[in-house]
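**Q** Here it is, the structure, as structure tokens.
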Amino acid sequence: MESLDHPTARALLEFQIELGATDAICDAPVDRYALVDKPKPKPVQAAPMQPVAKPEVDPVAEARALTQSASDLAGLQAAMARFEHCELKRGARNMVFADGNPAARVMIIGEAPGRDEDQQGKPFVGRAGQLLDKMLAAIDMGRAHEFSAQSVYITNVLPWRPPQNRDPKPEEIAMLLPFVQRHVELVAPDLIVLMGNISCQAGLGKRGITRLRGQWTEAYGKPCLPMFHPAYLLRSPHAKREAWADLLALQARLRSDAGPK
Ligand code: URA
């Protein structure tokens, strides 16, 4: 085709538009009927997705397997940190393992970390924890005591803080229970204190702390004493009288049972 200068090409184009042209066409004619009649290539069908069989995960069995490989507390802590089946781990800043003297005669099992514990990575360091320290000091005990007879070892049923401090779900307790069981085996305390309802739920399979508190029973194969949780005592100071009676019962039992481990 003869080349046109720009103003001529534009004038011709405008003329064609005035005549009603709406499409740019090629130099050679296109037989669109032939195009329509040609059998269209069949669209390629994507192969139907085969459902991928997800391996069934049993978090409780996995927790049990992990804990059995732990032969000491450091190993248990590392095993817990490798456990990926508890959603609470994703929202927590720190894993809260334990505090106190692993040689202590008394092991205290609380519920779960709160905000302060989550921040510091230690159990019972917030307001409830400070009250717990005062309660223990009243019977000449504490987590910092170097002698096993006066010291305590403190942990929780759950090592990760539940969002908004909500109650742990039964399945969360169940999957973390093997860790608590192994924890008790490794610390081998003489006595256990179950602090509050969640701890009783995990250790005894029942709640009802008002009825359970102060009654010696057995959990994790050890004598144990359910007590009011210090967070409850902060809200209900009138219950401190019962808490004091339970502390005295703990002290008396320690004195009457065989000496330090
Ligand atoms: N309450 C608990 O039960 N445990 C903690 O560590 C702190 C508060």
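The values are calculated or read from the model by the stated rules, or taken from the named source; none is laboratory data. All values reported here derive from a predicted model rather than from experimental measurement. No Cβ is skipped: glycine too gets one built from the backbone with ideal geometry, and neighbour counts run over all protein chains shown. Side chains included, ligands, DNA and RNA excluded: accessible areas come from the protein's heavy atoms. Shrake-Rupley method; radii C 1.70, N 1.55, O 1.52, S 1.80 Å.
**Q** For segment 54-125, rounded, prolate or oblate, judged on the Cα gyration tensor with a ≥ b ≥ c (square roots of eigenvalues), a/c < 1.5 rounded, else prolate if a/b > b/c?
**A** Since a/c reaches 1.5 but b/c is at least a/b, the shape of segment 54-125 is classed as oblate.
**Q** Can you run the Rg to Rh ratio on the chain? Use alpha carbon positions and the Kirkwood inverse-distance Rh. Working shown, then result.
**A** Working: Rg = 35.2 Å, Rh = 22.6 Å.
Looking at the chain, the ratio lands at 1.56.
**Q** Also: Calculate how steeply helix 6-19 sits against the longest principal axis of the alpha-carbon atoms of the chain, using the helix alpha-carbon long axis, and give the answer as 0 to 90 degrees to the nearest 10.
**A** Its long axis makes an angle of about 90 degrees.
**Q** Sticking with this structure for a sec: Given a 1.4 Å probe, how much area per residue of the chain is accessible, in Å²? Can you show the working numbers first?
**A** Working: 15850 Å² over 261 residues.
Here the per-residue accessible area is 61 Å².
**Q** Between segment 158-206 and segment 76-146, how far is it from one alpha carbon centroid to the other, in angstrom?
**A** Comparing the Cα centres of segment 158-206 and segment 76-146, I get a distance of 11 Å.
**Q** Per the 1.4 Å probe, what fraction of the accessible area of the chain, in percent, lies on carbon and sulfur atoms? Don't skip to the end; give the middle numbers.
**A** On the way: 8580 of 15850 Å².
Carbon plus sulfur share of accessible area: 54 percent.
**Q** With loop defined by DSSP as not H, G, I, E or B, and exposure as at most 13 other Cβ atoms within 10 Å, which is the longest segment of the chain clear of exposed chymotrypsin sites (Phe, Trp or Tyr not before Pro)? Intermediate results must be reported in sequence, preceding the final value.
**A** Values: sites that count: PHE147, TRP216.
Longest run free of exposed loop sites: 1-146.
**Q** Same structure, new question: Please compare each pair in LYS122/LYS240; LYS89/LYS122; LYS89/LYS169; LYS122/LYS169 to a cut-off of 18 Å on the Cα-Cα distance and tell me which ones are over it.
**A** Numbers: LYS122/LYS240 24 Å; LYS89/LYS122 15 Å; LYS89/LYS169 14 Å; LYS122/LYS169 22 Å.
Table pairs above 18 Å Cα-Cα are LYS122/LYS240; LYS122/LYS169.
**Q** Let me ask something additional. Plugging the Kirkwood radius over Cα pairs into Stokes-Einstein for segment 124-220, at a temperature of 20 °C and a viscosity of 1.002 mPa s, what D comes out in µm²/s? Spell out each step's value before the answer.
**A** On the way: Rh = 14.7 Å.
Calculated translational D: 146 µm²/s.
**Q** In the chain, which longest range has no GluC sites (Glu not before Pro) that are both DSSP loop (not H, G, I, E or B) and surrounded by at most 16 other Cβ atoms within 10 Å?
**A** Values: sites that count: GLU2, GLU56, GLU84, GLU87, GLU146.
Of all site-free stretches, the longest is 147-261.
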